[in-house]
Structures are given as C-alpha cells and as structure tokens.
Amino acid sequence: MRKDKEFPAKTLNLLLLITGILILLHSVEVLMRVKDVDVYENWQKAVLASGVYPEGITPSFSDYVGAELFRYFFRIAIPMAFGLYTFLTAKKLGVSALYLFVWTVTLFGGMAYTFFELNFSSLFYYLIIAGYLVLIITLLSLTGESKSKRNHKGGERSW
C-alpha cells in the first residue's frame, strides 16, 4: 500500500475521540434499553407475536439481555474496527486513497444501519447519526489535505 502522506496528529486524535464518543453513545443506549422494563415488555410481546418461541414458552429477561448485547456488539463493530485500525496503522501506513475510500464506505454503511432502525423516539438515534456524519466529514477532510500537499510538493501524481 502506498503511503500518500503522513497522518496529521491532530486529525488522528480527533478521529479517535469521535470514535470513542460513538462507542460511548452506543454503550449508554444499550444500558438505557436494558434497564427499562417497558422496552423489555414491548420486546417480549413482539417476539411472542412473531412466533419465534413455541407456544407456552415466554422469552426471559436473560434472552432479552443476550439479544441486546448481540445487537450492541454488532453496532459497535464498525467504529471499533475503524478506531483500532486507525490507531495501530496511522504512523506506519499514513493516509492513502484506499484507506479513505474503504473506511468512508464502511462508515456510511454503519450510519445506514443505524438510520434504518428508524428509532425516532430515541435521542441516541440522532446523536449516533450525527457522530457518524462528523466522523465521515473529518475523514473526508483528509482527502483535501492529501491533494493540497501533493500539489504543493510538485504537481499531481500520474497513476
């Protein structure tokens, strides 16, 4: 992988901070969902209505907690992978066009996954989407910095 430019320390810290905030928001959201008895009862009714459990067997609270934890780990997988990859490889690999493309598309996918939950009654829904947008915009700002540094160092590269 070609290293187009060094990873700016300020941008690296900002990306990691936003990623940490996203994971924190997901964590607080799942905590709020698991502690709320009404959400558990609504989930239990929805599961019984869907026919997932055989008649006469009701899902327990531990089933609910397990489902929420599975959902939580699935939702934080993208920000966690982005943060770890960025932290561990920023100095060695720097910023390349491939890095920017892959992670921008992946973060859009994470935002779309959150968006299509359509949980309009939750404040965390809006905060998480806003966090993804800030993270994507910050990541895309590296594209402009990369192009301006290349043009300043002696012209456009030919591929």
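The numbers here are math on the coordinates, done by the rules we state, and not lab data. Predicted model only: the values in this text are computed from it and were never measured. No Cβ is skipped: glycine too gets one built from the backbone with ideal geometry, and neighbour counts run over all protein chains shown.
Using DSSP H assignments, which helices in the chain have an axial alpha-carbon span of 18 Å or above and a mean Kyte-Doolittle hydropathy of 1.0 or higher?
Span-like helices here: 9-35, 97-115.
Restricting to Cα pairs below 8 Å that are 6+ residues apart, what does the relative contact order work out to for the stretch 76-141? Please round to a whole percent. Contact order relative to length: 35 percent. For the chain, the tally of Lys pairs with Cα-Cα distances below 30 Å comes to 22, considering only residues 8 or more apart or on different chains. In deg cm²/dmol, rounded to 500, what helix-only [θ] at 222 nm does the chain give when every DSSP H run of at least 4 residues adds -39500 (n - 2.57) and the total is split over its residues? After summing the helix terms and dividing by residue count, I get -27500 deg cm²/dmol. A Förster distance of 22 Å, applied to the separation of the beta-carbon atoms of ILE129 and ALA67, puts the FRET efficiency at 0.50. Between LEU17 and VAL39, full extension at 0.36 nm per residue minus the direct alpha carbon distance yields a gain of 4.9 nm. Projected onto its three principal axes, the C-alpha set of the stretch 9-148 covers 65, 26, 21 Å, listed from the longest axis down. Take every pair of alpha-carbon atoms less than 8 Å apart whose residues are at least six positions apart; their mean separation over the length of the chain yields a relative contact order of 37 percent. Fully extending the segment from VAL52 to PHE115 would add 20.1 nm, taking 0.36 nm per residue of separation and subtracting the current Cα-Cα distance. Mark the label point 7 Å from the Cα of SER96 along Cα→Cβ and return the residues of the stretch 10-38 whose backbone N is within less than 15 Å of it. None, by backbone N distance to the label point.
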